[in-house]
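What follows is a single structure, written as structure tokens, with notes after it.
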Amino acid sequence: MAEDLNILKGTKAEQYASLIPQIQGLLTGEDNLIANLANISAALKEQFNFWWVGFYWVRNDELVLGPFQGPVACTRIKKGRGVCGGAWSQGKTLVVPDVEKFPGHIACSSASKSEIVVPVYNGSEIVGVLDVDSEQLSMFDETDQFYLEKIVGLIPHN
Ligand code: SME
């Protein structure tokens, strides 16, 4: 397939709806996890220009930094720590309108103001999280949650 993304302008839901089949196209026929996580990060960055978007992947009892787009970030997060470790331990998406009001938030970048973290499931097991940060307050809502959960559900697991 062509590697160019078709960037749509419109409502947030319209943008996600246009992006999802393109992400499906990028994942089709590719079973390499790093390649797929890298392309999902890049597609989300290109469509929405989020401040930081990427994955942390479970390795033993920690999350370890995976493919991402944005400024350099902390590499390891313990279960239950920060928004990422919280989404992992609670097994659910966390939407944080103001990171300064989230107890234990891990500030990888002082520019980050709001955040959403979506667990990635392989069956009943959490294998990683998708983390998206914005430099604006209250950037993320249930629309982001709905579509980002759909997107992480597309990731093939071997
Ligand atoms: N803020 C996250 C840490 C990861 S960075 O934002 C990329 C957290 O509290 O888990």
Criterion: among the acidic types (Asp, Glu), modelled with pLDDT of 95 or more and touching a Leu at 6+ places or on another chain (Cβ under 6 Å) - qualifying residue of 144, 98, 131: 98
Any hit, segment 120-129, residues being open to solvent by less than 80 Å² (accessible area, probe 1.4 Å) and within 12 Å of the ligand (Cβ to nearest atom): yes
Residue list for segment 130-149, filter: in a loop (DSSP other than H, G, I, E, B) and either small (Gly, Ala, Ser) or open to solvent by less than 40 Å² (accessible area, probe 1.4 Å) (or both): 138, 140
Boolean, residue 62 is more than 23 Å from residue 8 (Cα to Cα) and surrounded by fewer than 19 Cβ atoms within 10 Å (Cβ to Cβ): yes
Qualifying residue in segment 94-104 (condition: open to solvent by 50 Å² or more (accessible area, probe 1.4 Å), within 11 Å of the ligand (Cβ to nearest atom), assigned to a strand (DSSP E or B) and farther than 22 Å from residue 146 by Cβ): no
The listed residue being more than 15 Å from the chain's Cα centre (by Cα) and surrounded by fewer than 13 Cβ atoms within 10 Å (Cβ to Cβ), out of 89, 110: 110
Top-ranked residue of segment 28-48 - restricted to ones that are of a type in the set (D, E, K, R) and either surrounded by 11 or more Cβ atoms within 10 Å (Cβ to Cβ) or more than 27 Å from residue 65 (Cβ to Cβ) (or both), ranked as farthest from the chain's Cα centre (by Cα): 30
Segment 67-85 - residue that is among the small types (Gly, Ala, Ser) and outside any helix (DSSP H, G or I) and, of those, nearest to the ligand (Cβ to nearest atom): 73
Count - residues of segment 4-27 that are more than 17 Å from the chain's Cα centre (by Cα) and either open to solvent by less than 30 Å² (accessible area, probe 1.4 Å) or polar (S, T, N, Q) (or both): 4
Neighbours by Cβ (under 7 Å, 6+ apart or cross-chain): first from segment 55-69, small (Gly, Ala, Ser); second buried (at least 18 other Cβ atoms within 10 Å of the Cβ) and not in a strand (DSSP E or B): 66/37
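The values are calculated or read from the model by the stated rules, or taken from the named source; none is laboratory data. Not measured: the values here are computed from a predicted model. All Cβ positions, even for glycine, are placed from backbone atoms using ideal geometry, and neighbour counts span all protein chains on display. For accessibility, only protein heavy atoms count, side chains too; no ligands or nucleic acids. Shrake-Rupley method; radii C 1.70, N 1.55, O 1.52, S 1.80 Å.
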